[in-house]
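S.K.: Can you keep this structure in mind? I'll have questions shortly.
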Amino acid sequence: MKLIVGLGNPGSKYVGTRHNVGFDVVDTLARRAAIDLSREKFHAGYGDGMVRQERVVLLKPTTFMNRSGDAVLAAGRFYRLEKEDLLVVLDDLALPLGQIRVRPQGSAGSHNGLQNIIDRIGFHDFTRLRVGIGRPLGIPANFVLTRFAEDERPLIEKATDTAADAAECWLTDGLETVMNKYNRKTEEQTEPE
C-alpha cells in the first residue's frame with residue numbers, strides 16, 4: 001500500500017490556484033484510475049484503488065495547507081505505512097513554471113504545508129514531488145493564492161499530467177527511476193545552445 005498526498009486548500013474559492021497544484025495532480029491520478037475521492041476520513045477527502053497494478057490511497061487534506069500534517073499522520077497510522085510508502089505532491093515557488101522535481105528528502109523551504117507534515121510525522125525523509133508554479137513579483141503568500149494566467153494554463157496542465165505520470169512511475173518503478181526520468185528541464189525551459 002502506498003499513500004499519495006496532494007497538498008492544497010479545500011473549497012471552491014481555491015480551485016485552480018497555484019497552491020492547489022497538488023490537489024490537481026491527485027485529481028488527475030484519480031480520474032485515470034477511476035478512484036472516487038468523495039469519502040471523508042483522516043481530515044481529508046480520499047479514495048483507494050489500483051494504479052498500474054499497485055494498491056494506493058489518494059489523499060487531499062481538508063485541513064487547509066498549514067495543517068496538512070494532521071491528515072498525513074492519521075492516514076499513515078491507519079494504514080501502518082512506512083516512510084518509503086509516502087509521496088507528497090506540492091507546489092514550488094523556486095521551480096520555473098511547469099517544471100517538476102522529485103526528491104527523496106529535504107527541508108520544507110518556505111512551504112508551510114510541507115513543514116507541518118514534517119513536524120507532525122516526525123521525519124523528513126519521504127518522497128516529495130514538486131511542481132513549479134513560477135516566481136512571484138510580489139508577496140509569495142498572495143501569489144500562491146492566485147490563479148494561473150491564460151497563457152500559463154497550457155504549461156501547468158501539461159505539468160499536472162507529467163507529475164501524475166511521475167507519481168505512477170514512483171509507484172511501479174521506484175524512486176531512483178522516477179528521479180532519473182523526470183528530474184530534467186522540459187524543452188520549453190532548456191536554453192538553446
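S.K.: Mind grabbing the base-10 log of I(q)/I(0) for region 106-157 at q = 0.30 Å⁻¹? Debye formula, identical points on the C-alpha positions, no solvent, two decimal places.
M.R.: Per q value, in the given order, log10 I(q)/I(0) is -1.20.
S.K.: With 10 angstrom as the radius, rank L145, L59, L73, L29 by how many other C-beta atoms surround their C-beta, starting from the fewest.
M.R.: With the sparsest Cβ surroundings first, the list reads L145, L73, L29, L59.
S.K.: Please compute the Kirkwood hydrodynamic radius of the chain from all pairs of different C-alpha atoms, in Å with one decimal.
M.R.: It works out to 16.4 Å.
S.K.: Which of the lysines could a cross-linker span from K60 if the Cα-Cα distance has to be under 16 Å and same-chain partners fewer than 8 positions apart are dropped?
M.R.: Hits, sequence-local ones excluded: K2, K13, K41.
S.K.: Also, I was wondering about something else. Which aspartates and glutamates have a Cα lying under 16 Å from the Cα of K83, excluding residues fewer than 8 positions away in the same chain?
M.R.: D70, D119, D125, E176
S.K.: How would you rank E150, E82, E54, E168, going from fewest to most other Cβ atoms within 10 Å of each one's own Cβ?
M.R.: Taking fewest neighbouring Cβ atoms as first place, the list is E150, E82, E54, E168.
S.K.: Now for a different question. For region 2-189, what does the relative contact order come out to in percent, with C-alpha contacts under 8 Å and a separation of six or more?
M.R.: 26 percent
S.K.: Which value at 222 nm does the chain reach when only helices count, each DSSP H run of 4 or more adding -39,500 (n - 2.57), with the total divided by all residues and rounded to the nearest 500 deg cm²/dmol?
M.R.: Mean residue ellipticity, 222 nm, calculated: -11000 deg cm²/dmol.
Coordinate-derived values only; no laboratory data. This is a predicted model, so every value here is computed, not measured. No Cβ is skipped: glycine too gets one built from the backbone with ideal geometry, and neighbour counts run over all protein chains shown.
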